[in-house]
Amino acid sequence: MATIIYDADVNAELIRQKRIAIIGYGSQGHAHALNLRDSGCDVLIGLPETSKSRIRASKDGWTPVLPAEAAVQADVIMLLVPDQYQGQVYQESIKEHLTAGKLLLVAHGFSLQYHQIEPPDTVDVAMVAPNGPGAQLRYMYSLGKGIPALWTICQDVTGQARTLTLSYAHALGCTRVGVIQTTLSEETETDLFAEQVVLCGGLTSLIRTAFETLVEAGYQPEVAYTCCLQEVKLIADLLYQGGIHFMHNSISDTAEYGDYMTGPRIIDEHTRENMRTALHAIQNGSFARQWITENQAGRPALEAMRRQDANHAIEEIGKRMRQM
Ligand code: NDP
């Protein structure tokens with residue numbers, strides 16, 4: 001059974017006695033910074049001089065400093081820049097100022113798990129990874145609620161890493177609903193696997209291939225778009241609300257029978273083998289190496305795939321359908 005920590009288990013005060021640097025002010029950065037500020041914490045925003053996010057941060061009432069300056073001043077440093085740049089930001093702005101006893105935090109295990117960052121053994125290192133985008137983290141906090149998070153302690157030299165990390169999660173609002181203890185590899189590997197196989201890669205490939213199959217068979221693209229893409233939300237909402245059995249109870253008997261009969265023929269043993277291959281590439285680091293190399297080369301493959309993605313027939317249809 002997973003260890004889940006709630007508000008009542010946490011020292012909420014400890015994080016308020018520290019100065020926290022939030023490096024990056026994007027999806028996660030803005031939500032962490034605002035939730036922490038509203039929880040009474042002392043927060044600094046670290047952004048490069050040229051960062052576009054400075055405008056957003058200023059509008060929210062911050063006066064950003066350079067990442068290195070934030071790292072100098074802070075006791076707790078939360079790194080919220082894109083995973084593929086964390087190694088570089090760490091080397092250029094954080095490493096030198098990560099003096100003994102400080103706490104380095106991440107919100108996803110990628111950079112630590114794949115050795116983009118190798119902190120010294122004189123500091124605490126931990127992860128607090130909210131289970132949702134920053135907008136939701138902020139919105140739920142502002143309603144007096146929260147979203148869950150995963151957390152783990154990677155290094156505890158002060159003996160305080162666990163208490164302080166959970167205090168941080170409390171200030172984010174996550175312990176209101178519970179934070180689940182994990183390991184760095186479990187969080188990183190399951191997160192990458194789920195986004196590649198189900199949430200992003202699996203779902204978009206399923207939708208596009210089904211759309212193409214219907215259009216190729218002579219059905220109207222507008223109808224194919226509606227039933228293969230737009231209705232995904234209706235089913236996803238039911239799954240979110242009550243799980244698979246609940247969803248089955250909410251759809252027609254015909255849809256449910258078709259699910260049992262056809263689903264396993266689409267997602268078959270061949271697909272399962274492909275899932276295992278994808279998981280293996282995540283576990284042995286080859287996916288991460290490929291992604292890091294792609295970034296070092298200026299992201300040519302990503303840009304080519306983005307262009308292809310934007311030019312797919314489903315996008316043109318989607319634009320028209322969403323205007324209805
Ligand atoms: P975003 O892309 O939304 O934001 C990144 C921020 O970092 C921007 O403010 C960006 O500024 C800034 N930045 C970029 N380069 C640098 C740099 N060299 N130095 C300092 N700041 C820089 O990222 P996310 O918030 O999505 O991701 C941050 C972390 O949170 C990642 O580890 C991610 O895996 C994790 N996470 C994300 C979730 C999500 O749903 N988005 C959910 C849970 C965890 P600029 O505007 O100038 O580019």
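The values are calculated or read from the model by the stated rules, or taken from the named source; none is laboratory data. Since we're looking at a predicted model, the values are computed, not measured. A quick note on method: Cβ atoms are made from the backbone with ideal geometry, for glycine too, and the neighbour counts reach across all protein chains shown.
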I'd like the residue in segment 277-315 that is surrounded by 10 or more Cβ atoms within 10 Å (Cβ to Cβ), among the basic types (K, R) and without any contact (Cβ under 8 Å) to a residue 12 or more places away in the chain and, out of all such residues, is farthest from E222 (Cα to Cα). R299
Filtering segment 22-50 down to residues that are assigned to a loop (DSSP other than H, G, I, E, B) and within 9 Å of the ligand (Cβ to nearest atom), which residue is nearest to the chain's Cα centre (by Cα)? G26
On the given criteria, is L80 buried (at least 23 other Cβ atoms within 10 Å of the Cβ), more than 24 Å from Q283 (Cα to Cα) and either near the ligand (Cβ under 7 Å from one of its atoms) or of a type outside the set (A, V, I, L, M, F, W, C) (or both)? no
Being in the same structural domain as D9 (by TED's automatic domain parsing) and surrounded by 17 or more Cβ atoms within 10 Å (Cβ to Cβ) narrows K145, K102 down to just K102
Apart from one, (1) closer than 25 Å to I180 by Cα; (2) touching a helix residue (DSSP H, G or I) at 6+ places or on another chain (Cβ under 8 Å) all hold for P82; the odd one out is (2)
Qualifying positions in segment 143-197 - out of contact with any strand residue (DSSP E or B) (no Cβ under 7 Å at 6 or more places or on another chain), in a helix (DSSP H, G or I) and free of Cβ contacts under 8 Å to residues at least 40 places away in the same chain: E186, T190, A194, E195
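Determine whether E13 is at pLDDT 95 or above and within 13 Å of the ligand (Cβ to nearest atom). Steps first, please.
Values: at pLDDT 95 or above: yes; within 13 Å of the ligand (Cβ to nearest atom): no.
For E13, the condition - at pLDDT 95 or above and within 13 Å of the ligand (Cβ to nearest atom) - is not met.
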So D60 ticks every box in (1) within 11 Å of the ligand (Cβ to nearest atom); (2) closer than 22 Å to M140 by Cα but one. Which box is left unticked? (1)
Candidates A74, A8, A2 - the one that is more than 13 Å from the ligand (Cβ to nearest atom) and at pLDDT below 95: A2
Report, by residue number, each residue of segment 198-238 that is of a type in the set (D, E) and either touching a residue at least 60 places away in the same chain (Cβ under 8 Å) or surrounded by 15 or more Cβ atoms within 10 Å (Cβ to Cβ) (or both). E212, E222
Out of the residues in segment 84-141 that are in a helix (DSSP H, G or I) and among the hydroxyl-bearing types (S, T, Y), which is nearest to the ligand (Cβ to nearest atom)? Y85
